[in-house]
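Trainee: What follows is a structure written as C-alpha cells; I'll ask about it next.
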C-alpha cells in the first residue's frame, strides 16, 4: 500500500446529483440517509543580530483561476489555505490578509530554500477525484474496517494503492481541484428526516466528464475517492449518473463531519491566483 496515507470515512457514504433531488433519489433507488456517492499566534521576529531569524513573504492576489475577479470569500478561503500550509513550517507562522490585496506570511526560524518555500505556499492544492479501478482493472485504493461499539457506526479506512504521481500518469483521475467551483455543507430533507451532506459544484468542462464516469460507476456499483494532498478524505459510492455539474455527498454522521469534509475539499485547490511580490529576512 502506498505511503500509508489513510482517511477514516463514515460507513456508507454516497454521491448523488442534487438537481431535482427527490426525483434522483427515486431514480437511484436508494434512500439518501442510508449512505452512498449519489460525492497562530506570533509576532515579527526581527532581531538586532545578523543571524537569520526567519523569512517574510508577500504575495499579490490576482484573479480567480477561471479568470473572473476574486471575491472577499475567495480571499478568505485563500487565507485559510495559506495559514494551514505555513503552519507546516512553523507553529508560530503568521498569515495576514492586507487591504492592498496582498497576503503576508511570517515564518520564524525558517532557514531552508526560499524559492522552494514560495513555490510550495503558492502552488495549486492537490485535489483529485480518483476512479476505483484503473484501465487494467487494478484497484487504485483499498479499504478496511475499524470496529466501534456500535456496529452501524463502524468506520472504513481507505488507503491509496498508488502514489499521486502514478495516478496522474494513467487514466485514473476523473477531476482535479481546478475542476471544482465550490464545496459547501448543507442540510437536506430527503423524506426520511433531515441530514447533513456536502454539495459539490464543478465547472462546465468537467461536468460532462463527471457525468460520463458516474454513469459507468453507478452501473458497476463503484466508488470515487476524493484525495487531498495524497490522503483519501472521502470515498462515496456512486448511485446514478450525475448531470449538470452539481453533486451531493450524503451519509455523513453529523454537521461537524459535513463541515470538515467540505473544508478539506475547498483546501485542496487555491481559488485565486497569487504571485510572489517579495521575500525578506524577519
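The values are calculated or read from the model by the stated rules, or taken from the named source; none is laboratory data. On a predicted model such as this, the values are computed, not experimentally measured, just so you know. FYI the Cβ positions are ideal-geometry reconstructions off the backbone, even for glycines, and counts take in every protein chain you see.
Trainee: Considering only the range 44-84, state which residues are outside any helix (DSSP H, G or I), at pLDDT below 85 and farther than 17 Å from residue 106 by Cβ.
Mentor: If the condition is that a residue be outside any helix (DSSP H, G or I), at pLDDT below 85 and farther than 17 Å from residue 106 by Cβ, then 48, 49, 50, 63, 64, 65, 66, 67, 68, 69, 70, 71 are the ones that fit.
Trainee: Taking only the range 207-238 into account, find how many residues are in a loop (DSSP other than H, G, I, E, B) and either touching a strand residue (DSSP E or B) at 6+ places or on another chain (Cβ under 6 Å) or closer than 22 Å to residue 258 by Cα (or both).
Mentor: Initially, the range 207-238 is screened for residues in a loop (DSSP other than H, G, I, E, B), giving 221-222, 229-230, 235-236.
From what is left, the residues that are either touching a strand residue (DSSP E or B) at 6+ places or on another chain (Cβ under 6 Å) or closer than 22 Å to residue 258 by Cα (or both) are 222, 229-230, 235-236.
Number of matching residues: 5.
Trainee: Of everything in the range 180-219, what is closer than 21 Å to residue 78 by Cβ and buried (at least 20 other Cβ atoms within 10 Å of the Cβ)? Give them in sequence order.
Mentor: Within the range 180-219, 180, 183, 198, 200, 202 qualify.
Trainee: Next up: Can you go through 78, 132, 115 and tell me which one is surrounded by 15 or more Cβ atoms within 10 Å (Cβ to Cβ) and within 19 Å of residue 56 (Cβ to Cβ)?
Mentor: Details: 132 fails: within 19 Å of residue 56 (Cβ to Cβ); 115 fails: surrounded by 15 or more Cβ atoms within 10 Å (Cβ to Cβ).
Step by step, each of 78, 132, 115 is checked, and only 78 is surrounded by 15 or more Cβ atoms within 10 Å (Cβ to Cβ) and within 19 Å of residue 56 (Cβ to Cβ).
Trainee: For residue 265, state whether it is over 30 Å from residue 58 (Cα atoms) and either surrounded by 15 or more Cβ atoms within 10 Å (Cβ to Cβ) or modelled with pLDDT of 90 or more (or both). Lay out the reasoning, then the answer.
Mentor: Values: over 30 Å from residue 58 (Cα atoms): no; either surrounded by 15 or more Cβ atoms within 10 Å (Cβ to Cβ) or modelled with pLDDT of 90 or more (or both): yes.
Taking the combined requirement at face value, the residue does not satisfy it.
Trainee: Go through the range 86-149 and tell me which strands (runs of 3 or more DSSP E), entirely inside it, have 1 or more residues that are out of contact with any helix residue (DSSP H, G or I) (no Cβ under 9 Å at 6 or more places or on another chain) and not assigned by TED's automatic domain parsing to the domain that holds residue 218. Can you show your working first?
Mentor: Working: elements: 94-97, 102-108, 127-131, 141-146.
Per the criteria, 102-108.
Trainee: Here is a check on your reading of the model: is residue 188 assigned to a loop (DSSP other than H, G, I, E, B), over 25 Å from residue 84 (Cβ atoms) and modelled with pLDDT under 90?
Mentor: Numbers: assigned to a loop (DSSP other than H, G, I, E, B): no; over 25 Å from residue 84 (Cβ atoms): yes; modelled with pLDDT under 90: yes.
Spelling it out, it is not the case that residue 188 is assigned to a loop (DSSP other than H, G, I, E, B), over 25 Å from residue 84 (Cβ atoms) and modelled with pLDDT under 90.
Trainee: Across the range 85-99, which residue is modelled with the lowest pLDDT among those that are surrounded by 15 or more Cβ atoms within 10 Å (Cβ to Cβ) and under 19 Å from residue 60 (Cα atoms)?
Mentor: So the first thing to find is which residues in the range 85-99 are surrounded by 15 or more Cβ atoms within 10 Å (Cβ to Cβ), and the list is 85-86, 89-90, 92-95, 97.
Still in the running and under 19 Å from residue 60 (Cα atoms): 85-86, 93-95, 97.
Numbers: 85: 84, 86: 91, 93: 96, 94: 96, 95: 96, 97: 94.
Checked the range 85-99; the qualifying residue modelled with the lowest pLDDT is 85.
Trainee: Taking the range 59-86 on its own, how many of its residues are under 20 Å from the mean Cα position of the chain (by Cα) and closer than 14 Å to residue 122 by Cβ?
Mentor: 9
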